[in-house]
Amino acid sequence: MKYFSTRGNVAGVGFIDAVLMGLADDGGLLLPEQIPHLTEADLARWSKLDYKALAHEIFSIYVDGDISPEDLTELIEQSYSTFRDPAVTPVRKLSDEAYVLELFHGPTFAFKDIALQFLGNLYSYISRKRNSIINILGATSGDTGASAIEGVRGKEGIRICILHPHQKVSRVQELQMTTVDDANVLNLAVKGNFDDCQQLIKELFADVEFKTKHHLRAINSINFARILAQTVYYFYAYFQVAAQHADAKINFSVPTGNFGDIFAGYLAKRMGLPIHKLILATNENNILERFVKEGAYQLGEFRMTHSPSMDIQIASNFERYLFYLHNGDAAQVERLMRQFKAEGQITIGSEQLTQVQTDFAAHGVSNDECLGTIRQTHETTGYLLDPHTACGIAAAKTHSGSGEITVTLATAHPAKFDESIQLAQIEQTFPAEISALFDKPQHQTIVDHSKEAVVEHIVKLYQA
């Protein structure tokens, strides 16, 4: 399996080199040359596997010889043995028509652990095998940073710098990142929002000379390994629900801001998983909802919401979907991305909009609807949702039809967002690991939103 760029100027890249490249050197995103289509026999066989064995089957397709089967087994075991539930991503029933897929049983209580535990171990493996330097640079709207740091902290040969928007993440998210006092970890709190942080990351990775000189590696979902790891739990959840509901139409409702998590579901569907609907849940930063409904991908007014990890306007994985929407026309994708950078908007034609609406349904959830969904679900089922999962549940209610079952991705433990839970007038008990954070000193550097300020600090870390 080889990888190529959505913009057409990078091709023939192996899996490990694709992981190391992160953002393609031409500024595009990497995709596999082929997406295998599974047979009914393949799906039947996979449906009997536990999570780790299923991950091995899926990873093997895309790794394709770059990692031996034995080493891959060890990487998967290292990555998922740290999870608090033996199922890794258990499925919980709320009603006959509604399930939640709990993705928060990893070390930092967020779905990002599923990809970043694997990616952290993979980077360590690559560093040992190739005797190479791994300097990780990433941006976070809250959860990615903590998960990435937890995935690589203390690992020999790896240093990591994470940018987060200053005072625009939850208190627990901030503490999970900034209470880590390891020499190989640097937290930069940028005066701006997540899109500002993400843009700085893309600029630095697009500077190929700087990227090469400092051995920059990506942990954001621009790295295809992140998408690959997230694809596994769509298969796993589908098989769990289908085993209880033969011949059911099964939907997935996905809280998403960066389009990575729902793109993983789109990839699973292209592979042949018979997902009925992919429901895209956003908050008041609803650029993706407007694209699905109107065909216009256009920057709007940035809003701070009760679901801060989705307070994103520019969805970094959207370009991957644009590539497939335009039938693999890399030149057209490059033109559209240049236009978006210059004008802040792109539009598609009616035929393409019809395809988008075949691929996705979408719902933007207001702050009031988010809190109302948390309260109502808690009152009727006793289940406490975090605010992002609440957006997913609200979208599921909007778009689930008669005879359909919808699995909502529960992307974080509610303790990570107690500010929103308190607004919903619910008291919760924190897990011991989260309670302990409040007594620890913090380690972070506040910087201006400028490339020069960020470069100054990361160069010091990477040269240490």
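The values are calculated or read from the model by the stated rules, or taken from the named source; none is laboratory data. Just so it is clear, the model here is predicted, and its values are computed rather than measured. When we count neighbours, we look across all protein chains shown, and the Cβ atoms used for this are built from the backbone with ideal geometry, even at glycine.
What's the total number of residues in region 252-286 that are farther than 20 Å from PRO32 by Cβ, surrounded by fewer than 24 Cβ atoms within 10 Å (Cβ to Cβ) and touching a Leu at 6+ places or on another chain (Cβ under 9 Å)?
The total comes to 1.
Using the structure shown, decide if ASN327 is crowded, with 16+ Cβ neighbours inside 10 Å, at pLDDT 95 or above and among the polar types (S, T, N, Q).
No, not satisfied.
Of everything in region 86-117, what is under 24 Å from SER221 (Cβ atoms), surrounded by fewer than 24 Cβ atoms within 10 Å (Cβ to Cβ) and among the charged types (D, E, K, R)? Give them in sequence order.
Passing the criteria: only GLU102.
For region 162-192, enumerate the residues that are outside any helix (DSSP H, G or I), within 18 Å of the chain's Cα centre (by Cα) and touching a residue at least 40 places away in the same chain (Cβ under 8 Å).
Residues satisfying the conditions are LEU163, VAL169, SER170.
Just to verify a result, which residue in region 388-406, among those that are on the phi < 0 side of the Ramachandran plot and part of a loop (DSSP other than H, G, I, E, B), is surrounded by the most Cβ atoms within 10 Å (Cβ to Cβ)?
SER400
Just need a number here: residues in region 207-228 that are more than 18 Å from ILE275 (Cβ to Cβ) and within 21 Å of the chain's Cα centre (by Cα).
Adding up the residues that qualify gives 11.
Go over the candidates THR358, THR354 one by one and state the one that is farther than 23 Å from GLU102 by Cβ, under 23 Å from the mean Cα position of the chain (by Cα) and without any contact (Cβ under 8 Å) to a residue 60 or more places away in the chain.
THR358
So, in region 233-268, of the ones that are in a helix (DSSP H, G or I) and without any contact (Cβ under 8 Å) to a residue 60 or more places away in the chain, which residue ends up nearest to the chain's Cα centre (by Cα)?
Ranking the qualifying residues of region 233-268, first place goes to GLY260.
Starting from region 302-321, take each residue that is of a type in the set (Phe, Trp, Tyr) and list its partners that are part of a loop (DSSP other than H, G, I, E, B) and crowded, with 23+ Cβ neighbours inside 10 Å, counting only C-beta distances under 6 angstrom and pairs at least six apart or across chains.
Partner pairs satisfying both residue conditions: PHE318/PHE259.
Name the single residue, out of those in region 213-258 being among the polar types (S, T, N, Q) and touching an Asp or Glu at 6+ places or on another chain (Cβ under 9 Å), that is farthest from ASP96 (Cα to Cα). Let's see the steps before the verdict.
Keep residues of region 213-258 that are among the polar types (S, T, N, Q), which gives 220-221, 223, 230-231, 240, 244, 251, 253, 256, 258.
Narrowing the set further to residues that are touching an Asp or Glu at 6+ places or on another chain (Cβ under 9 Å) leaves 221, 230, 251.
Values: SER221: 33, GLN230: 25, ASN251: 13 Å.
Per the stated criteria, the residue is SER221.
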